[in-house]
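The values are calculated or read from the model by the stated rules, or taken from the named source; none is laboratory data. For clarity, every value in this text was computed on a predicted model and none was experimentally measured. So basically every Cβ, Gly included, is an ideal-geometry build from the backbone, and we count neighbours across all protein chains shown. Only protein heavy atoms, including side chains, enter the accessible area calculation; ligands, DNA and RNA are left aside. Shrake-Rupley method; radii C 1.70, N 1.55, O 1.52, S 1.80 Å.
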Amino acid sequence: MSRFWNPVVQTLTPYVPGEQPQMQRLVKLNTNESPYGPSPKALAAIQEQATGDLRLYPDPEGTALKKAIADLHGLDAKQVFLGNGSDEVLAHVFLGLLKQAKPVQFPDITYSFYPVYCKLFGIDYQTIPLGSDFEIQANDFKSPNGGIIFPNPNAPTGRAIPRVDIEALLSRNTDSVVVIDEAYVDYGAESCIPLLRGPACPENLLVVHTLSKSRALAGLRVGFAVGHPALIEGLERVKNSFNSYPLGRLAQAGAIAAIQDQAHLESTTAKVIQTRERLVAELAALGFKTLPSTANFIFTRHPEHAGEKLYQALRDRGIIVRHFQSPRIEDFLRITIGTDDQSNELLAALQEILAGA
Ligand SMILES: *Cc1c(COP(=O)(O)O)cnc(C)c1O
């Protein structure tokens, strides 16, 4: 604390990311990274860019990357906004689109960065409780609002809602922006991007993606938003009032190659889904109750064991998962889906812990 901090900084409670421990030989299942690594074509493209040309600024617009994203999703390049990770995209979305006279709405249990941005930018918010089985009930987002945002699938629950529910929400909610954070959509949920194609593109739907999860490039920091060109233009204004060059040359080159390698995406996400289904079944055999997941993580609890205790006992055995000290979810563990070997280590450790060893 310093008296030189401005009054807003004095009151901030920053987002706490899952730890990135320096210890080797850990089974790291706490921040939803891919266990399989990025497309080899992305790595080659990055290496190819590591030349003396790094003395030059990158393309501030990321034109080639926008085109690659637009081509993949059947959109126009004017519908694409780029950022240094989707967290940065989200920051610009909160400031540029969700800071309104009325409060922004998001679920009571969701990505914990949303309230952090609200605090930073002085945005009022209202939380909408999840249903009894931790599902988002799109019908409950109905009171007047300055915007609506939630991940689909939701984090940290892993539960997704069908696209038709979001279409219904859009048809009711026409006076504010609806932001769908699709960080985990590639693991089996329905994307809202098809709604954005062609002249029927709604004026108020924005979909946010990241290359950190299914494309296995968390270290490169690339995210994007897609939506109506007028929404994108507003985001560009914010970005160009903050940092004109959020994506370096290496990031742009790597992201283009990664976006173009659908085969790598499909084979690695298929492996993660297979491991997830097996892990859920084996955890059930140990007595765990797991929410249905269409993400690369699961949210699970054991009726007879406190979440905090399980988290610590796993940690003692070199296995790091995520535990949130919040009401309603304190007995859950959020476990990233790793390789089959990592799942086996996790299951063996849990077996030992439950046996009271
Ligand atoms: C991981 C995550 C992000 C942020 O990803 P970046 O690495 O900043 O692109 C955004 N939203 C949700 C829900 C996430 O889980």
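Restricting the first member to the range 68-92 and to residues that are on the phi > 0 side of the Ramachandran plot and in the same structural domain as V208 (by TED's automatic domain parsing), and the second to residues that are open to solvent by 20 Å² or more (accessible area, probe 1.4 Å) and within 10 Å of the ligand (Cβ to nearest atom), the beta-carbon pairs closer than 6 Å and six or more apart or on different chains are G85/R221. State the number of residues belonging to the range 139-154 that are open to solvent by 10 Å² or more (accessible area, probe 1.4 Å) and not hydroxyl-bearing (S, T, Y). Result for the range 139-154: 5. Taken over the range 5-36, the criterion of being in a loop (DSSP other than H, G, I, E, B) and away from the ligand (no atom under 16 Å from the Cβ) is satisfied by W5, N6, L12, T13, P21, Q22, M23, Q24, R25, L26, Y36. Note on the range 155-177: residues that are closer than 25 Å to N32 by Cβ, open to solvent by less than 10 Å² (accessible area, probe 1.4 Å) and part of a helix (DSSP H, G or I) total 1. Among the numbered conditions (1) open to solvent by 30 Å² or more (accessible area, probe 1.4 Å); (2) in a loop (DSSP other than H, G, I, E, B); (3) not assigned by TED's automatic domain parsing to the domain that holds V208, the only one that E61 does not meet is (3).
R55 fulfils the conditions (1) away from the ligand (no atom under 15 Å from the Cβ); (2) over 17 Å from A216 (Cβ atoms); (3) open to solvent by less than 50 Å² (accessible area, probe 1.4 Å) except for a single criterion, (3).
Conditions tested, residue by residue: (1) within 24 Å of Q20 (Cα to Cα); (2) without any contact (Cβ under 8 Å) to a residue 12 or more places away in the chain; (3) within 17 Å of the chain's Cα centre (by Cα); (4) away from the ligand (no atom under 16 Å from the Cβ).
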residue	(1), (2), (3), (4)
A200	no, yes, no, yes
T210	yes, no, yes, no
S214	yes, no, yes, no
A225	no, no, yes, no
A230	no, no, no, yes
L235	no, no, no, no
G248	yes, no, no, no
G254	yes, no, no, no
E266	no, yes, no, yes
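Assess whether I180 counts as being of a type outside the set (G, A, S), in contact with a helix residue (DSSP H, G or I) (Cβ under 9 Å, 6 or more places away or on another chain), part of a helix (DSSP H, G or I) and not assigned by TED's automatic domain parsing to the domain that holds S293. In short, no. Total residues in the range 1-46 satisfying the condition of being closer than 22 Å to S212 by Cβ and open to solvent by less than 60 Å² (accessible area, probe 1.4 Å): the figure is 19. Within the option set S86, S143, being touching a strand residue (DSSP E or B) at 6+ places or on another chain (Cβ under 9 Å), within 29 Å of L65 (Cβ to Cβ) and either within 16 Å of the ligand (Cβ to nearest atom) or modelled with pLDDT under 95 (or both) holds for one residue only, S86.
Scanning the range 272-289 for residues that are among the polar types (S, T, N, Q) and either open to solvent by less than 20 Å² (accessible area, probe 1.4 Å) or touching a Phe, Trp or Tyr at 6+ places or on another chain (Cβ under 7 Å) (or both) yields one hit, T275.
Could you identify the single residue in E352, E345, E308 that is touching a strand residue (DSSP E or B) at 6+ places or on another chain (Cβ under 8 Å), assigned to a helix (DSSP H, G or I), open to solvent by 50 Å² or more (accessible area, probe 1.4 Å) and not assigned by TED's automatic domain parsing to the domain that holds D186? Unique residue meeting the criteria: E345.
None of F81, F113, F94, F106 is open to solvent by 20 Å² or more (accessible area, probe 1.4 Å) and either within 16 Å of the ligand (Cβ to nearest atom) or modelled with pLDDT under 95 (or both) except F113.
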